Amino acid sequence: MLKMMTFFQGLPGQQTVPGVPDLPRSSQKLPPASEVESEASMSEASSEDLVPPQEAKGAPDRDEEEATKKKKKKRPKGLANVFSVFTKGRKKKGQPSSAEPEGQPESQPELSGPLPTAEELKADLERGRLEAARPLLVLERELQAAAAAGGESAEELVRRQSKVEALYALLRHQVLGLLLRPLDVAPERLRQALAVLTEQEREDRRAATAAEAAGGSGALVSARPRRWLQLWRRGVEEAAEERLGRRPAAGAEGLSEAERTFLHMGRTMKEDLEAVVERLKPLFPAELDVVAAYAESYHRHFAAQLAAMAQFELCERDTYMLLVWVQNLYPNDIINSPKLAGELQRLNLGSLLPPRQIRLLEATFLSNEMTSVKELMARALELECQRWARDVAPQRLDSHCHSELAIDIIQIVSQGQAKAESITLDLGTQIKQMLLLELATFLRSYQRAFDEFLERGKQLRNYRANVIANINNCLSFRTAMQQKWQTQDLPGHLLGPLSELKSHGFDTLLQSLFGDLKPLFKRFTQTRWAAPAQTLEEIISTVGERLPEFSELHDCFREELMEVVHLHLVKEYIVRLSKRSLVLKSAEQQQQLAGHILANAELIQSFCTQNGSPATWLHHALPKLAEIIRLQDPSAIKIEVATYATWYPDFSKGHLSAILAIKGNLSSSEVKSIRSILDVSTGTHEPFKALFSLIKVG
């Protein structure tokens, strides 16, 4: 279950996305009603409620005692024992208790012995003796009978009725006082109060039926229905409002006032309802549905508090808090908590806010969160650019140049999605697509900022190290995105900016090396290929000396960079062959040049492969050209050209003409015939990478 305290400590501005703890139990109990008797009086009542009235007033005389002994097995002794259902809270086998009205007749209640006077009943009620409820009911019935008979004056009837109503006021005070602080009351005492309430509800129904039959005539105005059940429910409502409305306890550092308030309300509601389910439900009659009474009251007040807050213009933090309570904490941690789910699910309490208001809050949350994500990303990039401009050396991690930018950005994205998912999974799905688009926008901004740094920062001491750190960042971004969205196939709008950033970084790192190689490659044509082996060895040696400069790249990027070097060596070699400065008329000369090309190709391939180049697709580039130069039969040359075109689809007629120009013994018609083979599509080997499209020919 989510952890509430930790949850709110992770609200916006604290860069954590939390879980929420099990709501801890508190020692507080359900509150007393506004009208309750003092602890002293209740202690007195509970200690005397099993004492028969005769014993309380004095010892009976011997005749009464003997008579009582004779009747002991026929009926209980004294007023308290006569109505033992109120004091014992239990029933004889096969007989229903007073708290279970289904089996009770609705006839005139019977009493053994004389009916107590109003003064005696008043004394009993003031001492908290609920046994007085039954004789009070008899007194009320007698009054009704006297009024119906018409033998007494109206003044006398009103006087008697005022006494009865005063006694009922005392009884109501006692009964509701117990029912509205049920956890402070002994179970037997609570059962007594419930029995009285149940009997009063039954009497309300009987009186209503009698009044309907009588047609509303009578000398007295009926005081029924008394509606004590409604009063109890209203008291429960007030208790819920009082409990939830208390000021939250101090503590919970880092929480706003609203967050502390709702945390208090959630804890209180959960703990109170658990107490109702565990301790009150077994005591209350099923028809009172005590769980529903409390749950609905707490729900209404909780919903009213949220609705009142939702009317105001909320800050980002409070909008998020409301949604978390409405969509997550309330339904999951309270309604569906292990101890309450079985009871509360049947009540269909519903949501704390109406659907339309929830949708508006969700739209506001998404807008707020995307604005926040955009601002946080922009700030992270700004700080990174400031470090470049100040020539701050990048961190080293496992001997590689390292930047925290990718970690910061992915954390911002992850927190945005986690916050939405902490409301609902559906909201998490909605924000995911928005975050992907915002991430793509950020990556384009990042790539543009890096390009500006490449142009402006060339004189900085840590220029190359920061270039390497940003190339390494591409791996951090790619890996994090693959893990975050659990896919190896990231969309092009995410990978595109990273690929461009990496490519521009490689170009910058290799610019100096390629500049050093340019005059060496020119020697091939300047010496008319007189000593190609020595020239190439010098080229390879120069590259080898510069490779340690790239050691702080991640291994995968060092391999990619070596592939770029491999491509450059092959491309520049072909450029020199295509200069048309060398024309060989004899087959022997052509075969000798082909042998040099094969040897050079093997050296390039061996060196690049040993240093990590994965470019196996370049292995055929020079050997196949050597074979075209070596062959003399036009038909065989055609076959070789056709094969070559399948390996390198960007090998054009212009490139072919430049190579055939070396073969000075071919006629124009033969050259034309060989060139025509490129008009025939022979298919390509996948994947296709550019080689000859990088080579310009005259």
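The values are calculated or read from the model by the stated rules, or taken from the named source; none is laboratory data. Quick caveat, the model's predicted, so the values are computed rather than measured. Counting neighbours? That spans all protein chains shown, and the Cβs are built from the backbone with ideal geometry, glycine included. Each accessible area value is taken on the protein alone, full model and side chains, heavy atoms only, with ligands, DNA and RNA left out. Shrake-Rupley method; radii C 1.70, N 1.55, O 1.52, S 1.80 Å.
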Open item on the list: For a test of understanding, tell me how many lysine pairs in segment 327-485 have Cα atoms under 21 Å apart, given they are 8 or more places apart or on different chains.
Closed with: 6
Task: Whole-Hz ³J(HN,Hα) from phi, Karplus 6.51 cos²θ - 1.76 cosθ + 1.60, for segment 390-402, glycine and proline x - done: 7, 6, 7, 5, x, 5, 10, 10, 6, 6, 10, 5, 9
Open item on the list: Taking the full set of protein chains and a 1.4 angstrom probe, give the accessible area of Thr542 in square angstrom, rounded to the nearest 10.
Closed with: 30
Open item on the list: Please list, ordered by chain and number, the residues whose modelled amide H lies under 5 Å from the amide H of Cys401; skip anything fewer than 5 residues away on the same chain.
Closed with: none
Open item on the list: Show me, for segment 471-485, the HN-Hα J-couplings you get by feeding each phi into the Karplus relation (A = 6.51, B = -1.76, C = 1.60, θ = phi - 60°), rounded to Hz, glycine and proline as x.
Closed with: 5, 4, 4, 4, 5, 4, 4, 4, 5, 4, 5, 5, 6, 5, 9
Task: Dipole of segment 484-632, positive end: most advanced residue of Cys556, Pro532, His619 [Cβ charges, Cα centre] - done: Pro532
Open item on the list: Give me the net charge for the shell around Arg260: Cβ to Cβ below 14 angstrom, other residues only, Lys and Arg +1, Asp and Glu -1.
Closed with: 0
Open item on the list: Can you give me the C-alpha center-to-center distance between segment 391-409 and segment 612-656, rounded to a whole angstrom?
Closed with: 44
- [ ] Treating cross-link reach as a plain straight distance, find the aspartates and glutamates whose alpha-carbon is under 13 Å from the alpha-carbon of Lys663, omitting any fewer than eight places away in the same chain.
- [x] Glu588, Glu627, Asp633
TODO: State to the nearest 20 debye the size of the charge dipole of segment 180-243 about its Cα centre, where the only charges are +1 on K and R beta carbons and -1 on D and E beta carbons.
DONE: 140
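Count the net charge of all other residues whose Cβ sits under 14 Å from the Cβ of Ala146, scoring Lys and Arg as +1 and Asp and Glu as -1. It would help to have the intermediate numbers written out before the result.
Working: positive: Arg141, Arg159, Arg160, Lys163; negative: Glu140, Glu142, Glu152, Glu155, Glu156.
Result for the neighbourhood of Ala146: -1.
Where the only charges are on Cβ atoms (+1 Lys, Arg; -1 Asp, Glu), what is the dipole of segment 158-280 about its Cα centre, to the nearest 20 debye?
Numbers: 22 positive and 19 negative charges, 143 e Å.
Computed charge dipole of segment 158-280: roughly 680 debye.
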Task: About the Cα centre, charge dipole magnitude for segment 307-354 (Lys/Arg +1, Asp/Glu -1 at Cβ), debye - done: 240
Open item on the list: Show me, for segment 626-632, the HN-Hα J-couplings you get by feeding each phi into the Karplus relation (A = 6.51, B = -1.76, C = 1.60, θ = phi - 60°), rounded to Hz, glycine and proline as x.
Closed with: 4, 5, 4, 5, 6, 5, 10
Task: Exposure of Asp184 as accessible area (Å², to 10), given a probe of 1.4 Å and all protein chains - done: 70
- [ ] Check each of the trypsin sites (Lys or Arg not before Pro) in segment 354-461 and keep only those in coil by DSSP with at most 14 other C-beta atoms within 10 angstrom; list them in order.
- [x] Arg390, Lys458, Arg461
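So for each of 409-417, 532-540 I average, over its residues, the number of other beta carbons within 10 Å; can you give me the resulting order with the highest mean first? It would help to have the intermediate numbers written out before the result.
Numbers: 409-417: 20.7, 532-540: 16.9.
Highest to lowest by the protection proxy: 409-417, 532-540.
For segment 338-414, what is the convex hull volume of its Cα atoms per residue in Å³? Walk me through the numbers before you get to the answer.
Working: hull volume 10.6 nm³, N = 77.
Taking only Cα atoms, segment 338-414 has a hull volume of 138 Å³ per residue.
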